[in-house]
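Novice: Handing you this structure, nothing more for now.
What follows is calculated from the coordinates using simple rules that are stated; it is not laboratory data. Only a predicted model underlies this, so the values are computations on that prediction, with no experimental measurement involved. Counting neighbours? That spans all protein chains shown, and the Cβs are built from the backbone with ideal geometry, glycine included.
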Amino acid sequence: MKTLYDVQQLLKKYNIYVYVGKRLWDIELMAIELDHLYEAAVVDHDTYLRAKMVLEHEHRIEERHEKQTGGM
């Protein structure tokens with residue numbers, strides 16, 4: 001699992017589709033949904049950690065982008 005798309009496909013396997021309308025919020029909601037899947041023992045520890053790392057990386061990128069563009 002290396003990209004945000006990979007995480008989206010993982011969530012899609014469990015009929016979880018996330019689209020809030022703002023990329024940063026989408027990433028945050030995906031992280032919450034992933035936490036719920038892990039807490040319910042639906043995804044294994046390794047998958048959870050790899051997906052969380054991708055989401056954290058994408059979140060940092062998006063925050064940086066918002067700062068540069070003034071939140072647009």
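Novice: GLU56 to ILE32: extension gain in nm, 0.36 nm per residue of separation minus the Cα-Cα distance?
Specialist: Between GLU56 and ILE32, full extension yields 7.5 nm more.
Novice: In percent, how large is the relative contact order of the chain, given Cα pairs closer than 8 Å and 6 or more residues apart?
Specialist: That works out to 37 percent.
Novice: Something else: Full extension from GLN68 to LEU24: what is 0.36 nm times the residue separation minus their Cα-Cα distance, to one decimal in nm? Write out the running numbers ahead of the final one.
Specialist: Details: separation 44, 0.36 × 44 = 15.84 nm, distance 1.41 nm.
Using 0.36 nm per residue and subtracting the Cα-Cα distance, I get 14.4 nm.
Novice: Can you sort ILE32, ILE61, ILE27 from fewest to most other Cβ atoms within 10 Å of each residue's own Cβ?
Specialist: ILE32, ILE61, ILE27
Novice: Scan the chain and note any complete DSSP helix (H) whose C-alpha atoms cover at least 15 Å along its axis and whose Kyte-Doolittle average is -1.0 or more.
Specialist: 23-39
Novice: With 5 Å bins from zero, work out the P(r) of segment 4-69 over every alpha carbon pair and list the percent per bin.
Specialist: Taking all Cα pairs of segment 4-69, the binned fractions are 3, 18, 30, 25, 13, 7, 3, 1 percent.
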